[in-house]
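For reference, the structure discussed in these notes is given below.
The values are calculated or read from the model by the stated rules, or taken from the named source; none is laboratory data. These numbers were taken from a predicted model, which means no experiment stands behind them. Note that we place each Cβ from the backbone using ideal geometry, even for glycine, and neighbour counts take in every protein chain shown.
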Amino acid sequence: MLRILLITLFLLTSPAIAGTSSNSLSSLFDDGNDAKFLQPDQAFKLSVSVQDASTLQASLEVAPGHYLYRDKISFKLKEGSPSTVAAVDLPRGEAKHDANFGDTEVYHRSIEAVIHLQHPGTPPGNITLLASYQGCSEKGLCYAPIRKTLQLDLPSGTTKLEDSKGTGTVTDDISNLLQGGQLWLVAVGFFGFGLLLSLTPCVFPMIPILSGIIVGQGSHPGRLHSFNLSLAYTLGMAMAYTLAGVAAGLSGHLISNALQNPWALGGGALVFVLLALSMFGFYELQLPSSLESGLVNVTNRIKGGRFAGVFVMGALSALIVSPCVAAPLAGALLYIGQTHDVVLGGVALFALSIGMGVPLLVVGASAGALLPKAGPWMNAVRNFFGVVMLGMASWLVGPVIPGPLQMALYAALLIVSAIYLHALDGLPPRSSHWAKLWKGVGIILLVYGAALLAGALAGNKNPLQPLSGLRAVAVNADNAPALPFSPVKSLDDLDRAIAQAKGKYVMLDFYADWCVSCKEYEHNTFRDVRVQKLLKDTVLLQADVTGNTVQDEALLKRFGLFGPPGILFFDREGRELAPLKVIGYQDADRFVVSLNNVFAAKEGECSATVAC
Amino acid sequence: MQRNRRLLIIIAGVILLFSILLDQVRQHAKPEQVSPAAGASASPLFAASFPDIHGKTQPLEQWRNQVIIVNFWASWCPPCREEMPELSALHAKYQSRGLTVLGISTDDAATMQQFASTSPVSYPLLAGDMEGTRLAEMLGNNRSVLPFTVILRRDGSLVTTYFGRINTEMLEQAFLPLL
């Protein structure tokens, strides 16, 4: 019971966390300052370096939670100088809708600007640059225009000092953090981020696996022992992520792509089923005796041989839940892939997974104490986790089996569990309160299970609304038909489609059959009426990368994506709106906000409830 | 069992605290309220004069002997614009009891006039331009922040200053005792 409570608590707190996940990193840091706001020079830092006699590179660092106005950034030379600033190249900003000024562009992230100087004669030895910029904090205040005067020495020749480094648009908070990165700051940040992830249901499937391992030890383990076991498990998980990240960076491929194929998913599900059956006491998890005696010999000789097994188990489960942590992984992998900074990327991913493992360590540390010693109570707990694991197995194979079949699996699970809870047996008179409670729970499961079964037989797919198909047709349903995507097969296809769409916005959706989040997009987000309305005049393209062909890879690579889900936008002129790309799953509410950011130029499309 | 329960309660407490903390953190931070800086003085305020929305120069001397909320703002500053309706309501409500809200913009006169024509308020708006920025500094805005709000007693002395977005409730708490 205690453990059920604990898990419920995890689930309850997770919605509070989930909303922050996109910007939790930035808030993690800037909220260290409490309500105190930054000095203007802490909020925005300007540094200018000389590239050659007629080129300067300015970098403006924007503290998290702050933004600069693009059109208020100006660079001039002090009056009286014969030289002038010919042009300033500023990167595109994010569109921000302003009630009074229409659309403005802002920078929430640090930027690099290139300043081109013009000299009438030979370049002077030094110049005085006047810089001015202004911006605001998201915390409800702005900074008056900041003016800086900089003295710069120009080289006498016109030789280029060095190639300016490529200013690839970095689209992710996480990539950004990595780029700004001092190693320890990155480690701490990712640890915290992992901690947040651990409070989402992502880690949930790992808790029963781990407790299965600890319970599976048979005789009640000591607290230290079970902590060590969970530590080995967590380290195994961490190692898997770290290796995946490093390997992905080195090869430029996404390993989790490979792990999401039907075989891997089916294998994962099978592991869950086997674990579940052992939970139900059909057998004890044991290796064949010949193999075991051999193994025992080996593990006896190697100290901590048992931990090696748990370590491997942790690594395997990391792969299983990897779709859940796709977004942060994508950010980190993107960076590693682009920079080949394997050490920093590895450290980041390691810290992330250790953070994720904290609740597992807590479970492990407490297991000796929290787990009931023996008796019927213990069996109830084991049965509960058995059911949870079977549920996980059905969920895992969801992307590769038909929707109704998955619902039927859920139905079977619920109905059988209900029977075990004595839902259909008569209560003897004067039975205990507990018996009544469990019977009540059993009946709820039974009814829901029956509804799922009915829905499955009617060909329905959504387990949360099993009977929706049985409702009268054409209610003014929230669920409109699927979006009319046109398929895109190759880069040529894409370029042609974008060229044809001239004058219209284009949305490109990367999809794959094995991608869980893509299914969620299809079933939930894309069927939302608001989303459909916003996308009415948009050319919708979809790249199905299920096959992972060379052309698919080329498409993914062009946009720095490692795999679906990824949604990209192009403006009316066919330019990619890189900062606005959506990686990972967004529900309809969040996706509407993303769309509004894309269409910020479209007047009147922003509703009052939505930030534009 | 006793120990288990205690452990559970501690864990539950930590998680709860953490989520509450996160929730708090996501809220907008309250503006920072500070006592007037040493050396900050209102006398430059009454010495100044700025053009109003009709372009007519208004000496600030005319608002002496009132409780004044001086609000420094700019048309490009979103939080400044957000709080203007609240200031407008306060001015309308308490004007008869001797409260005046003054909105000193750091915009130039033309920009401010254009803004005022689209978003009218009940209280006087003045175009301070660069001079307005300097005045805010003299009143204690040592961090060039907008919005910056100052409350003055009837005798012209400073009560409190606020960095960032203010709201009706906090202002009322500060000026109601002075009326």
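Assorted remarks:
- Residue match in region B:135-154 (condition: of a type outside the set (Ser, Thr, Tyr) and over 21 Å from B:SER105 (Cα atoms)): yes
- Test for A:GLY547: is it over 20 Å from the mean Cα position of the chain (by Cα), over 24 Å from A:LYS504 (Cα atoms) and of a type outside the set (A, V, I, L, M, F, W, C): yes
- Pair list, Cβ under 7 Å, 6 or more apart: region A:36-52 residue more than 9 Å from chain B (Cβ to nearest Cβ) and farther than 20 Å from A:PRO145 by Cα, other residue among the small types (Gly, Ala, Ser) and surrounded by fewer than 19 Cβ atoms within 10 Å (Cβ to Cβ): A:GLN51/A:SER164
Quick grid of which residues meet (1) farther than 16 Å from A:PHE526 by Cβ; (2) at pLDDT below 75; (3) surrounded by fewer than 20 Cβ atoms within 10 Å (Cβ to Cβ):
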position	(1), (2), (3)
A:THR538	no, no, yes
A:GLU553	yes, no, yes
A:LYS557	yes, no, yes
A:ILE567	no, no, no
A:GLU576	yes, no, yes
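For (1) more than 14 Å from chain B (Cβ to nearest Cβ); (2) touching a residue at least 24 places away in the same chain (Cβ under 8 Å); (3) within 20 Å of A:LYS148 (Cα to Cα), each residue gets a yes or a no:
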residue: A:TYR69; (1), (2), (3): no, yes, yes
residue: A:LYS78; (1), (2), (3): yes, yes, yes
residue: A:ARG92; (1), (2), (3): yes, yes, no
residue: A:ILE127; (1), (2), (3): yes, yes, yes
residue: A:ALA131; (1), (2), (3): yes, yes, yes
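- Hey, B:GLY156 at the interface with chain A (Cβ under 10 Å from one of its Cβ atoms), more than 19 Å from A:GLN39 (Cβ to Cβ) and among the small types (Gly, Ala, Ser) or not: no
- Residue under evaluation A:ALA501, criteria (1) in contact with a strand residue (DSSP E or B) (Cβ under 9 Å, 6 or more places away or on another chain); (2) modelled with pLDDT of 85 or more, criterion not met: (2)
- Filtering A:LYS139, A:LYS96 for residues that are part of a loop (DSSP other than H, G, I, E, B), under 28 Å from B:ASN141 (Cβ atoms) and within 14 Å of chain B (Cβ to nearest Cβ) leaves a single hit, A:LYS139.
- Subset of region A:83-117 [modelled with pLDDT under 85 and touching a Ser or Thr at 6+ places or on another chain (Cβ under 6 Å)]: A:LYS96, A:ASP98
- Counting only strands (runs of 3 or more DSSP E) that sit wholly inside region B:112-175, those with at least 3 residues that are of a type in the set (Val, Ile, Thr) are B:148-152, B:158-163.
- For the residues A:LYS165, A:LYS148, the requirement of being at pLDDT 80 or above and among the basic types (Lys, Arg) singles out A:LYS148.
- In region A:99-125, residue farthest from the other protein chains (Cβ to nearest Cβ) [restricted to those that are assigned to a loop (DSSP other than H, G, I, E, B) and touching a residue at least 40 places away in the same chain (Cβ under 8 Å)]: A:PRO123
- Leading residue by the ranking (surrounded by the fewest Cβ atoms within 10 Å (Cβ to Cβ)) among those in region B:67-100 that are away from chain A (no Cβ under 14 Å) and not in a helix (DSSP H, G or I): B:GLY98
- Residue count for region B:101-124 under the criterion of being within 14 Å of chain A (Cβ to nearest Cβ) and of a type in the set (A, V, I, L, M): the result is 4.
- Lone unmet requirement of (1) among the β-branched types (Val, Ile, Thr); (2) free of Cβ contacts under 8 Å to residues at least 24 places away in the same chain; (3) touching a Ser or Thr at 6+ places or on another chain (Cβ under 7 Å); (4) closer than 25 Å to A:ASP103 by Cα for B:THR118: (3)
- Scanning region B:139-153 for residues that are in contact (Cβ under 8 Å) with a residue 40 or more places away in the chain, within 14 Å of chain A (Cβ to nearest Cβ) and in contact with a helix residue (DSSP H, G or I) (Cβ under 9 Å, 6 or more places away or on another chain) yields a count of 6.
- Taking the numbered list (1) over 18 Å from A:LYS45 (Cα atoms); (2) over 38 Å from the mean Cα position of the chain (by Cα); (3) modelled with pLDDT of 85 or more in turn, A:GLY80 passes all entries but (3).
- Qualifying position, being over 12 Å from the mean Cα position of the chain (by Cα) and under 30 Å from A:GLY102 (Cβ atoms), among B:THR168, B:THR111: B:THR111
- Which listed residue is surrounded by fewer than 22 Cβ atoms within 10 Å (Cβ to Cβ) and over 14 Å from the mean Cα position of the chain (by Cα), from B:VAL159, B:VAL121: B:VAL121
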